[in-house]
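The values are calculated or read from the model by the stated rules, or taken from the named source; none is laboratory data. Computed from a predicted structure; not experimentally measured. Here the Cβ positions follow ideal geometry from the backbone for every residue, glycine too, while neighbour counts run over all protein chains shown. The protein model used for the area step is the full one, side chains on, heavy atoms only, and it has no ligands, DNA or RNA in it. Shrake-Rupley method; radii C 1.70, N 1.55, O 1.52, S 1.80 Å.
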Amino acid sequence: MGDAAALDRRVSPLKNFVAGGVGGACLLFAGHPLDTIKVRLQTQPKASCSQYVLYTGTYDCFRKTVSREGVLGLYKGMGAPMATVAPMMAISFFGFGLGKQLLQSDPAAPHTHSQIYLAGMLAGVFTTVIVAPAERIKCLLQVQSTTGQLKYAGPVNCAVRLYREQGIRSVYKGTVLTLIRDVPSSGLYFLTYEYLKSVLTPEGQSVHQLSTPRILLAGGTAGILNWVIALPPDVLKSNFQTAADGHYKGLADVLRTLIREEGAKALYKGLSAVMLRAFPANAACFLGFELALKCLNWLAPNW
């Protein structure tokens, strides 16, 4: 991890931004279809005696979405995260690098696991400013097709209407839950990736010579562990952000309502969709970032 820190100090903010944007775009294209399925599974109404559940599982949601809306239906709501993915990933990697520098008293000493985790948590704090409104808009667009009421024409229309109707507070609805989801999970995300890169590096080689399959393995595994702890607050966030105003009295009310109506298992609604998405999406993200960074270092070594 010591030479990783040295490389981070050599990488300019512009390279971080560009490489992070590439990684984020790779993550989005690889993972958004299953993200749409996840949100629809998380927010569907509970089955009752007079009403059947909309989707029985991940495959059923996939099949019904494609049959009713076509393949593009899986990419509903992608405009908002696409518009924010480059700055989000740039800020994430910048926050992680800044955190490592702030926590490392001796530049020559390798980072401890706790320092890596805390630096990753800082990255989660940094990205929430962009992620929270993007997630709010994305979830509303993903869910509206299920209800049959197309209230919003697209991400820009959704953002404008939310702002006009109730101001900036409505756009940032669910920010606290986004922080609860992203801060601890980002710490585990970066810690897992850095740790596995170190473990998977053959003796006598640098972590920056890691092969593509090993980068994919490290990135994909980091994504899976990230969602193991991120999913419960993500379920709460999706329900809170897509509910009608006033439906929930607060964050605790969302938790109480879900537990009362559906039991503790409700906190892991969409688990199969999340796990199917986590490995390929995050493997693609880290591979895109690493490859873009190598290309930038080759094309513009003095940036």
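Looking at T221, T212, T192 in this structure, which one is surrounded by 22 or more Cβ atoms within 10 Å (Cβ to Cβ), touching a Leu at 6+ places or on another chain (Cβ under 7 Å) and either among the β-branched types (V, I, T) or modelled with pLDDT under 90 (or both)? Even if it seems obvious, please write down each step before you answer.
Details: T221 fails: surrounded by 22 or more Cβ atoms within 10 Å (Cβ to Cβ); T212 fails: surrounded by 22 or more Cβ atoms within 10 Å (Cβ to Cβ).
Unique residue meeting the criteria: T192.
Of the residues A132, A123, A83, A108, only one is under 18 Å from L28 (Cβ atoms) and open to solvent by 70 Å² or more (accessible area, probe 1.4 Å); which?
Numbers: A132 fails: open to solvent by 70 Å² or more (accessible area, probe 1.4 Å); A123 fails: open to solvent by 70 Å² or more (accessible area, probe 1.4 Å); A108 fails: under 18 Å from L28 (Cβ atoms).
The unique qualifying residue is A83.
Please name all residue pairs, on different chains or six or more residues apart, with Cβ atoms under 7 Å, provided the first residue is in the stretch 105-134 and is outside any helix (DSSP H, G or I) and the second residue is open to solvent by 10 Å² or more (accessible area, probe 1.4 Å) and not aliphatic (A, V, I, L, M).
So the pair list comes out as P110/G2; H111/Q104.
So, in the stretch 271-283, of the ones that are open to solvent by less than 10 Å² (accessible area, probe 1.4 Å) and of a type in the set (G, A, S), which residue ends up farthest from L251 (Cα to Cα)?
My answer is A283.
Being touching a residue at least 24 places away in the same chain (Cβ under 8 Å), open to solvent by 40 Å² or more (accessible area, probe 1.4 Å) and not in a helix (DSSP H, G or I), is that true of even one residue in the stretch 153-168?
Within the stretch 153-168, not a single residue is touching a residue at least 24 places away in the same chain (Cβ under 8 Å), open to solvent by 40 Å² or more (accessible area, probe 1.4 Å) and not in a helix (DSSP H, G or I).
Determine which member of the set L191, L177 is assigned to a helix (DSSP H, G or I) and in contact with a Lys or Arg (Cβ under 6 Å, 6 or more places away or on another chain).
Working: L191 fails: in contact with a Lys or Arg (Cβ under 6 Å, 6 or more places away or on another chain).
L177 is the lone residue from the list that is assigned to a helix (DSSP H, G or I) and in contact with a Lys or Arg (Cβ under 6 Å, 6 or more places away or on another chain).
Residues of the stretch 139-171 being modelled with pLDDT under 90 and more than 18 Å from A244 (Cβ to Cβ), which ones?
A153, G154, P155, V156
Could you check K249 against (1) in contact with a Gly (Cβ under 9 Å, 6 or more places away or on another chain); (2) open to solvent by 40 Å² or more (accessible area, probe 1.4 Å) and say which number it fails?
Checking K249 against (1) in contact with a Gly (Cβ under 9 Å, 6 or more places away or on another chain); (2) open to solvent by 40 Å² or more (accessible area, probe 1.4 Å), the one that fails is (1).
Do you know which residues across the stretch 284-303 are closer than 10 Å to V18 by Cβ and open to solvent by 60 Å² or more (accessible area, probe 1.4 Å)?
C295, W303
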